[in-house]
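The values are calculated or read from the model by the stated rules, or taken from the named source; none is laboratory data. All values derive from a computational prediction rather than experimental measurement. Note that each Cβ is placed from the backbone with ideal geometry, even for glycine, and that neighbours are counted across all protein chains shown. Only protein heavy atoms, including side chains, enter the accessible area calculation; ligands, DNA and RNA are left aside. Shrake-Rupley method; radii C 1.70, N 1.55, O 1.52, S 1.80 Å.
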Amino acid sequence: MRPLSPIRCMPLLLLLASVAQALEPGARTEIRTLLLSEHPARTANNVYVSGQVSTTLRFEQEPDPARTRLLGWEGRFERPLVGSKKVVLEPLRDLGEDEWVPLLVTLVDGTEFSFLVRSPRREKWGWTDHQVNVFKDRESYNAVLSALNDSRKRELKLSEENERLKKEENSVDHAFATLLVNGQVEKTPFRRKRVAVLKSEDMDMKVEVFEGPGKAAALIHLTNTYNDEPWIFRDARLTADLTTYTARPFALRVSRAELSPGQSGRIAVVADQSAFESEAGLVDLVLEIFREDGELQVLVNLDQKLIRK
């Protein structure tokens, strides 16, 4: 994607980001188990790292520092730390999506492991490895225990996700967001308060802000005008303070998470009055929409005055 261009729309307090802004590092980290294949032609395993975030590879035996090498690390990584059954990597910066660094780890018994150290941004799930527990013996007690813990974590995440989806099915705010994203504004209690039409080098946008009884909403229309690649939605965030990034609750609906060149889509957000509340009373909120590469696509100010009694 091309970098965003500065566009002013101050009368409506709707701002398009004028500079690239990445999500804070370490937003999602993982501790995972890696059970290596016994096949003699096994391929190198991926390890996902982020700038200035330490990633630890933990082995069953001591690695040999003299035969453990991160090729071409100078200028891109801190000096790798090897010892106490661990190899610790820390990039000085985020790696490029197509950038990778070979890592060869040799244990004191001569066993060799090959890895490719990559950026998490090249994968859709986008995690950073906090710790990777590496096992050669799949049947060992520690390998089985580590794999079991991974399975339990995945099961817990699925359970939490199912519970969240159940709550959304019965949520009034999510129902309103669904109506907005489907273009059925007349079936909601919202009244259009402001509209802004914005344009960048690769996106045409229209942002509508709505007031409502005890709620506020925003509807963002996007058309991908870039000819070379799709636009992919990554995340939305609602905060009262852009310095602390304390998230506020909201309902979100996206008509299309990926927009091919020339394709259009909509993003609807509904925020209840409780999201605007603070110890000092109601506060203004800021809605941020991020694209896949972590850059800010649209920023919308939601004034507390949008809340109708």
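Give a quick list of GluC sites (Glu not before Pro) in region 221-309 that DSSP marks as loop, anything other than H, G, I, E or B, with at most 12 other Cβ atoms within 10 Å.
Of the GluC sites (Glu not before Pro), the ones in loops of region 221-309 whose Cβ has at most 12 other Cβ atoms within 10 Å are 279.
Using every pair of alpha-carbon atoms in region 201-277, split the distances into 5 Å bins beginning at 0 and state the percent of pairs per bin, rounded to integers.
3, 14, 22, 20, 17, 13, 8, 3, 0
About its Cα centre, what dipole magnitude does region 268-309 give when the only charges are +1 on Lys and Arg Cβ and -1 on Asp and Glu Cβ, stated in debye to the nearest 20?
Taking the Cα centre of region 268-309 as origin, the dipole is about 340 debye.
Of the accessible area of region 71-135, with the probe set at 1.4 angstrom, what percent is carbon plus sulfur?
The nonpolar share, carbon plus sulfur, comes to 50 percent.
Only sites in a loop by DSSP and with at most 12 other Cβ atoms within 10 Å count here; which trypsin sites (Lys or Arg not before Pro) in region 74-108 make the cut?
Sparse-neighbourhood loop trypsin sites (Lys or Arg not before Pro): 93.
Using the structure shown, select from 187/305; 199/305; 86/136; 193/305 the pairs with a Cα to Cα distance greater than 18 angstrom.
187/305; 199/305
What is the spin-label model distance, in nm, from residue 204 to residue 260 if the labels are put 7 Å beyond Cα along the C-beta direction?
Placing both labels 7 Å beyond Cα along the Cβ direction yields 1.8 nm.
Let me know the charge dipole size of region 62-102 about its Cα centre in debye, to the nearest 20, where only the beta-carbon of Lys, Arg (+1) and Asp, Glu (-1) is charged. Spell out each step's value before the answer.
On the way: 7 positive and 9 negative charges, 58 e Å.
The dipole magnitude comes to about 280 debye.
Given a Förster distance of 51 Å, report the FRET efficiency between residue 104 and residue 187 from their Cβ-Cβ distance, rounded to the nearest 0.05.
0.25
What's the center-to-center distance, using Cα atoms, between region 188-239 and region 259-309 in Å?
After rounding, the separation between the Cα centres reads 9 Å.
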